[in-house]
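Read the structure below first, then the notes.
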Amino acid sequence: MNFCSECGGQLRLLIPEGDNLPRHVCQHCGTIHYQNPKLVVGCVAEWDDQILLCRRSIAPRYGKWTLPAGFMENGETTAQAAERETLEEACARVELGPLFSVVNIPHIHQVHLFYRARLLDSGFAAGLETLETALFSEPAVPWQELAFQSVTLCLQAYFADRRAGRFLLHEEALQPR
């Protein structure tokens, strides 16, 4: 960041009084510009023991498979974001269950949240950011073609919990490879 969004003044990276981390501070009006992690929210949507996946039509990871998920918008809850992203990416309506997986990715300033969900009907289709959608049983999941490590971890935990007959809340932290 170079300029203040409040007044257009020059920004300087420094530790403000009463803080302990460097922040972009406007040298003219004093506004402190905080930068915080982005939330990516989605769900593991199930239909007859199969999981809904979307093949991406956008970067990053064009052509790879993922769970329906995306960036949370201001003014919505994480549950609303999961439902909206599932509708946008897979044209699928879901009944959300509990939060299932939290994946912290500090090196890219993101946190990925995945809810368990049940598809309300089989009327899903590719949305604007999706090449195709499909249901996969555990052995049919294209594990080597998954777009993100957070999705792989979530699905591994999901299938392990399903085999064990109980679902827990999972939390992971990814480090740069």
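Values quoted throughout were computed directly from the atomic coordinates according to the rules given, and no laboratory measurement underlies them. From a predicted model like this one, the values you see are computed outputs, not experimental measurements. Cβ coordinates were reconstructed from backbone atoms using ideal geometry, including for glycine residues, and neighbour counts include every protein chain displayed.
A few remarks follow.
- Residues of the range 95-125 classified as surrounded by fewer than 20 Cβ atoms within 10 Å (Cβ to Cβ), closer than 25 Å to Tyr62 by Cβ and more than 17 Å from the chain's Cα centre (by Cα), total: 1
- Within the range 18-51, considering residues that are touching a helix residue (DSSP H, G or I) at 6+ places or on another chain (Cβ under 6 Å) and not small (Gly, Ala, Ser), the one nearest to Asn104 (Cα to Cα): Val41
- Consider the range 61-92 and keep the residues that are among the small types (Gly, Ala, Ser), in contact with a helix residue (DSSP H, G or I) (Cβ under 6 Å, 6 or more places away or on another chain) and under 20 Å from Leu153 (Cα atoms). The one that is surrounded by the fewest Cβ atoms within 10 Å (Cβ to Cβ) is Gly70.
- Total residues in the range 25-60 satisfying the condition of being surrounded by fewer than 15 Cβ atoms within 10 Å (Cβ to Cβ) and within 14 Å of the chain's Cα centre (by Cα): the figure is 3.
- Test for Ser150: is it closer than 14 Å to Trp65 by Cβ, among the hydroxyl-bearing types (Ser, Thr, Tyr) and touching a residue at least 12 places away in the same chain (Cβ under 8 Å): yes
- Elements of type strands (runs of 3 or more DSSP E) contained in the range 19-117, each with 2 or more residues being touching a Leu at 6+ places or on another chain (Cβ under 6 Å) and farther than 24 Å from Leu169 by Cβ: 23-26
- The range 157-177, subset under 16 Å from the mean Cα position of the chain (by Cα) and more than 10 Å from Phe100 (Cα to Cα), residue surrounded by the fewest Cβ atoms within 10 Å (Cβ to Cβ): Ala173
- Among the numbered conditions (1) of a type outside the set (Val, Ile, Thr); (2) assigned to a strand (DSSP E or B); (3) surrounded by fewer than 16 Cβ atoms within 10 Å (Cβ to Cβ); (4) more than 15 Å from the chain's Cα centre (by Cα), the only one that Gln144 does not meet is (2).
- In the range 123-147, residue nearest to Leu169 (Cα to Cα) [restricted to those that are among the polar types (S, T, N, Q) and in contact with a strand residue (DSSP E or B) (Cβ under 6 Å, 6 or more places away or on another chain)]: Ser137
Yes/no matrix, rows are residues, columns are (1) among the acidic types (Asp, Glu); (2) in contact (Cβ under 8 Å) with a residue 60 or more places away in the chain:
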| position | (1), (2) |
| --- | --- |
| Ala45 | no, yes |
| Ala59 | no, no |
| Lys64 | no, yes |
| Ala81 | no, no |
| Leu87 | no, no |
| Asn104 | no, yes |
| Val111 | no, yes |
| Leu120 | no, no |
| Glu129 | yes, yes |
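- For the range 86-101, a residue qualifies if it is in contact with a Phe, Trp or Tyr (Cβ under 8 Å, 6 or more places away or on another chain) and within 15 Å of Val44 (Cβ to Cβ), and the qualifying residues are Ala90, Ala92, Leu96, Gly97, Pro98, Leu99, Phe100, Ser101.
- Condition broken by Leu11, with the remaining ones in (1) surrounded by 11 or more Cβ atoms within 10 Å (Cβ to Cβ); (2) closer than 30 Å to Glu145 by Cα satisfied: (2)
- Residue within the range 126-138 that is more than 15 Å from the chain's Cα centre (by Cα) and assigned to a helix (DSSP H, G or I) present: yes
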